[in-house]
Amino acid sequence: METIDAILSRKSIRAFEEKEVEDEKIEILMKAGMAAPSAMNTQPWEFYVCKSEESKKAIKDVMAFGKYNAGIIIVPCVREMATIPLRHDLCYCDLGAASENILLAAHDLGLGAVWCAVYPDKNKMKTIRKVLEAPIGVTPYCCLYVGYPAKDDKSKVKEKYDEKRVKIL
Ligand SMILES: Cc1cc2nc3c(=O)[nH]c(=O)nc-3n(C[C@H](O)[C@H](O)[C@H](O)COP(=O)(O)O)c2cc1C
């Protein structure tokens, strides 16, 4: 798939087939995430991949707006020790870039995905960290539900382009 086609045809998928996501595809998703740009190339991330039913259920139990039956749930996390002192907030831009890369790579691989918010809800960030049994210093940023789109999925690519929002100087 061409890059522009992938960007313009991506959409959030919330209904999935009961089909496993292959390890080879998970590795490509991880490579896509880690290929993202980051401030001063700090790469302040770590990725947890929930594959087991038990770990996915534990995540879904705390995600009020993320109870989807995906094959895997990827949780990109901030690696606090790798963030830039005094410019800590930049890490959230880095994690956003990595997360979007994963959504686009999933689409390219014939998978579907949806981003569910964790950051900036401090309570949720802490709860998900405990669910993952991640150490203090590894902070969940979002949950990406990824799997094979359900055959009867009715979601549409939304028309978002609005030339009035573009100011060319
Ligand atoms: C920061 C962020 C938080 C989001 N949180 C949720 C969420 O909690 N649950 C959900 O179903 N979708 C969530 N989404 C997906 C958006 O609803 C979706 O991207 C938006 O409606 C546009 O649709 P599209 O992705 O199909 O273009 C989130 C997306 C972003 C970027």
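The values are calculated or read from the model by the stated rules, or taken from the named source; none is laboratory data. Keep in mind that what you see is a predicted model, and the values were worked out from it rather than measured. With ideal geometry, Cβ positions are generated from the backbone for all residues, glycine too; neighbour counts draw on all protein chains shown.
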Out of ALA117, ALA106, ALA98, which single residue is out of contact with any helix residue (DSSP H, G or I) (no Cβ under 7 Å at 6 or more places or on another chain), among the small types (Gly, Ala, Ser) and either within 22 Å of SER52 (Cβ to Cβ) or at pLDDT 95 or above (or both)?
ALA117
Any hit, the stretch 13-33, residues being of a type outside the set (D, E, K, R), part of a loop (DSSP other than H, G, I, E, B) and within 22 Å of GLY137 (Cα to Cα):
no
Test for GLY96: is it farther than 13 Å from PHE47 by Cβ, more than 9 Å from the chain's Cα centre (by Cα), within 11 Å of the ligand (Cβ to nearest atom) and surrounded by 15 or more Cβ atoms within 10 Å (Cβ to Cβ)
no
In the stretch 110-134, how many residues are part of a helix (DSSP H, G or I) and not polar (S, T, N, Q)?
9
Among the residues in the stretch 47-65, are any in a helix (DSSP H, G or I), away from the ligand (no atom under 16 Å from the Cβ), over 12 Å from the mean Cα position of the chain (by Cα) and crowded, with 16+ Cβ neighbours inside 10 Å?
yes
Against the conditions (1) buried (at least 22 other Cβ atoms within 10 Å of the Cβ); (2) of a type in the set (Gly, Ala, Ser); (3) in contact with a Ser or Thr (Cβ under 7 Å, 6 or more places away or on another chain), where does GLY147 fall short? Just the number, please.
(3)
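Residue by residue, here is whether (1) assigned to a loop (DSSP other than H, G, I, E, B); (2) modelled with pLDDT of 95 or more; (3) within 19 Å of the chain's Cα centre (by Cα); (4) more than 11 Å from the ligand (Cβ to nearest atom) holds:
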site: ILE136; (1), (2), (3), (4): yes, yes, no, yes
site: THR139; (1), (2), (3), (4): no, yes, yes, yes
site: LEU144; (1), (2), (3), (4): no, yes, yes, no
site: LYS154; (1), (2), (3), (4): yes, no, no, yes
site: VAL157; (1), (2), (3), (4): yes, yes, yes, no
site: LEU169; (1), (2), (3), (4): yes, yes, no, yes
